[in-house]
Structure formats: C-alpha cells, structure tokens
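Okay, structure first, notes after.
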Amino acid sequence: MNPVFKYPNFDYAALDTPTPYYIIDRALIRRNMAILQDVQDRTGCRILLALKAFSTWGVFDEISPYVAGVTCSSLNEARLGKDHFGPGKEIHVYSPAYSMNEMIELCKIADHIVFNSLAQWKAFRGVVENAGRKIEVGLRINPEYSEVGLEIYNPCTTRSRFGVRLEGLVDAGPGALDGIDGFHFHTMCQQGSDVLQRTLEVVCERFERYFDRVKWINFGGGHHITRMGYDVNRLCTIVNDFQAKHGLDVILEPGETHVIHTGFLVSTVLDVIENPNGIDVVILDTSAAAHMPDVLEMPYTPEILGARRNVEDCDAPLEEGRFKYIVGSKTCLSGDIIGEYMFPYPLKIGDRLTLEDMSQYTTCKNTTFNGIQLPSIVSCDSDVEGGRFYVHRRFDYEDFRNRLS
C-alpha cells in the first residue's frame, strides 16, 4: 500500500468563519506543481489542467505558471480557462458531441478541438477551417482496453460512447484522417504509470499504422502523478521512449493530480445520536451527496484529520482511545453517509472535523440538494506565518434561488 501522505502541522479548521467551508492550501498545490514541472522538464511533454476535475479559479495563479494550459469539456469551461488562466496558455476542448452554436463560439477561443467521431469532424470541419485562426484538430480513439474496474468510470466498455475504434478508421478509408493533427485517448482513472505502459502497448498495436499521419498524441487523464508512491521515473521513460520512437509530441491532461492532497472540507458536528443497536451517529453540517458526491459515486471513504477510517488496511495513526462513530450528513437522503471512523476522543456538538483531499471533484460538482448551504471557498498558505487565510466566496440564499426559476 502507498505510504500515507503527511500534511503540514497546520490547523485548517482554525479560521473564524462559519462552516462548512472548503479550504485549499496553496503550499500543497505548489508541491504538486513542482512534480509536474519536473516531468515536463525531463520529457518535453505538455501537461494541461483538466477543468472537469478542478475549476476553482481563485487559485489558478498557483497552477498556471507550471502548465501549458487547460483542457475543457464544454464551452463554459473553455470560457473560464480563457478568462482566468492567463495569457499565452492553450485552451484544449473535448466533448462527446458539439452543437453548431457551441462550435461557432469554441472556434473563437479554443486552440485545440478534439472530436469524438469522424461524423462530428465531418459536420464541423468547415466551421473549424473557416475560423480565421489556426486550430489544431484531434480525434479521440478508443483502444478498447482499460484497467478501470468500475464500469461507470471505464471508457472502453462495449457500450462506450467515447472515441473511434480501429475498425471504424479502417472502414472509413485512407482519407479519413485528412485535416486531423493528433490523436487523443483517455482510458485511465487514478492509476499509475504501469497501467499507462500496458495501455500504450495496446494503443500502439492497434493504431501505430496511423501515427505518421499526425503530429501529436494526447494520453488523456487519470494519471495520479503526484500521488504518494507513483513511479514518476517510469512515466518519464515511457514518454521519452514513445517520442523518440514515433516522433510525436505527447500531451497529458490529468485534473486530479494537480490538486490531490491540497484541499479540505471543514464541518461542524451538529448532533451526536446514541444508537442502542449499534454505532453512535454523528450529524455534520455538510453532505456527501451534495458537497463531495464522489464519496457516494465511487464510492470511497475520505480520511478525517486526527481520526481513522474503520477499515483494516488503514495505516493512519491513532492516539490512545477508541471512539467509533458513523459520520453522516444533514440531508434527508438515508444513504447520505460519509463513513465509519474511530476517534481518540468522544465527539460532541460544536466540534469541527476536517475531511481530507477535498479539492478535486467537489467544488465543481457540488449541489444545493435539500437547499443545503454550499460550503464557502477559502484558500490558505501553510508556508506563511499565520496561514494567510483568504475567503474567496461565501454562498447565501440568493445563490440557491438563482440556480432555479
């Protein structure tokens, strides 16, 4: 098992502001950026931030200097990247399908547009080529190989919507790639460089015959480069060997890896319910369903600073004392449970709990289900004396109301 990430000795729950709030540590972002910069320096590849995983633009200034640009899944994300990621940064876009209105607007701001099918490229080729500016065009390919275990996250199932299979390219004939500058594949999810190596072998086996028709290839996302235990040296070797053999530029577009281990969700205990039939239940002023949806969708149990998840394979240290609780949310959804934990002390109303690793897929996916209060967005800098806390956004009734009509 990978070693446990060591957070700085810093109290993320010390901010004198109402909970819940997300808090993002700029010092920890810079740690991740140094790793990604090292990969780019050693390989010459370009790394992009995938906004689908993290679009909290108030801290983009800590990311932008280190990466080539952003990759976007929609017109709104592309606009956000253009507005807030800084001049000279590339705007890449991929979507399973585009509308004509979207394509017209994207052609004004995007530098790379990746199409999911040959039919989509045919439909919009004229718009792209008459945009009055050079736009690199990519085609997503489906190698029909993925080691992602959960079907909901596996882009290579037999029912997949994503990319052109080899058979489709062969059947389309020799002119199918006219106007295409590069390939894109995305088959991974929170995985290591060993998985990339095996995946790339399949990609080359099936699509290498077309590599002389393109200039670049995008290895997609799902690379957990900044995770503890990730083999960065192997990644660099894979990228360098591929570029030397095929003469193609390599692009990586992870989202999570930029911000893993950088953010927290601070919440307050509202009630402790004695349960004569089992484990006592704690209710927080937050929600897994609304504020950290991957807890239920993946599913997974997040760590809590100072506590231990009630699982056998957890290494997290715990002081003397064993107080076990089910930690739940304040919505009416029965299954809105964050997890089971053991604490070194009994919990009481008013205690603040700090949930770990809450930057990715939280602020960009949260909802106001039940009218629950959206967490504020805060940044800090644990490298600076006093932490340099800054509240970027507080949400109120107007935010809830204005999402509806």
Partner aspartates and glutamates for K122 [C-alpha distance under 14 Å; skip if fewer than 8 residues away on the same chain]:
D178
Provide the FRET efficiency to the nearest 0.05 for the Q197-I349 pair, computing r from the beta carbons and using R0 = 56 Å.
0.65
Compare Y12, Y300, Y153 in a GNM of the chain, Cα atoms joined below 10 Å, and give the one with the largest fluctuation.
Y300
When the Kirkwood radius is taken over all Cα pairs of the stretch 192-252, what Stokes-Einstein diffusion coefficient follows at 20 °C and 1.002 mPa s, in µm²/s?
177 µm²/s
Extension gain, R322 back to R133 (0.36 nm per residue minus Cα-Cα distance, nm):
61.7 nm
Once the Cα atoms of helix 26-43 and of the chain are each reduced to a long axis, what angle between those two axes, in degrees from 0 to 90 to the nearest 10, is obtained?
30 degrees
Run the reach check for K324 against lysines, Cα to Cα strictly under 20 Å, same-chain hits fewer than 8 apart removed. What comes back?
K348
In the chain, what % of DSSP beta bridges are antiparallel (nearest 5)?
40 percent
Would you mind telling me the share, in percent, of accessible area of the stretch 326-366 contributed by carbon and sulfur at probe 1.4 angstrom?
54 percent
P(r) for the stretch 1-70: what percent of alpha-carbon pairs falls in each 5 Å bin, starting at zero?
3, 12, 20, 20, 19, 15, 7, 3, 1, 0
If you roll a 1.4 Å probe over the heavy atoms of the protein chains, what accessible area per residue do you get for the chain, in Å²?
45 Å²
When the Cα centres of the stretch 91-154 and the stretch 176-192 are compared, how far apart do they sit, in Å?
10 Å
So if we plug the beta-carbon distance of I104 and N275 into 1/(1 + (r/R0)^6) with R0 = 56 Å, what FRET efficiency do we get, rounded to 0.05?
0.45
Can you tell me the relative contact order of the stretch 48-190? Whole percent, Cα pairs under 8 Å, sequence separation 6 or more.
18 percent
Quick check on my link table: of K134/K245; K134/K215; K52/K82, which ones sit more than 21 Å apart, alpha carbon to alpha carbon?
K134/K245
Which distance in nm do the two modelled labels at E385 and F5 give, with both placed 7 Å along the Cα-to-Cβ direction?
2.8 nm
At a 1.4 Å probe, what is the % contribution of carbon and sulfur to the accessible area of the stretch 102-257?
46 percent
Relative contact order of the chain, defined on C-alpha pairs under 8 angstrom at six or more residues apart (%):
20 percent
Got a sec? What order do V281, V239 fall in by accessible area at 1.4 Å, biggest, i.e. largest, first?
V281, V239
Show me the ranking of peptides 387-394, 254-261, 56-63 by mean Cβ neighbours inside 10 Å, starting with the highest.
254-261, 56-63, 387-394
Only residues of the stretch 67-91 count here: report those whose backbone N is under 16 Å from the spot 7 Å along Cα→Cβ of R161, or say none.
73-75
What nm distance separates the two modelled labels at K245 and E208, each placed 7 Å from Cα along Cα→Cβ?
0.6 nm
Bin by bin, in steps of 10 Å, what percent of the Cα pairs in the stretch 34-120 do you find, going until the bin that has the longest distance?
17, 48, 28, 7, 0
Over all directions, how big on average is the projection of the convex hull of the alpha-carbon atoms in the chain, in square nanometres?
21.6 nm²
Among A289, A78, A131, which one moves the most in a GNM of the chain with springs linking Cα atoms closer than 10 Å?
A131
Give me the one-decimal nm value for the distance between modelled label points at S73 and W57, 7 Å along each residue's Cα-to-Cβ direction.
1.8 nm
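The values are calculated or read from the model by the stated rules, or taken from the named source; none is laboratory data. Since the structure is predicted, the reported quantities are computational estimates derived from the model, not experimental observations. FYI the Cβ positions are ideal-geometry reconstructions off the backbone, even for glycines, and counts take in every protein chain you see. Quick note on the areas: whole protein, heavy atoms, side chains included, nothing else; ligands and nucleic acids left out. Shrake-Rupley method; radii C 1.70, N 1.55, O 1.52, S 1.80 Å.
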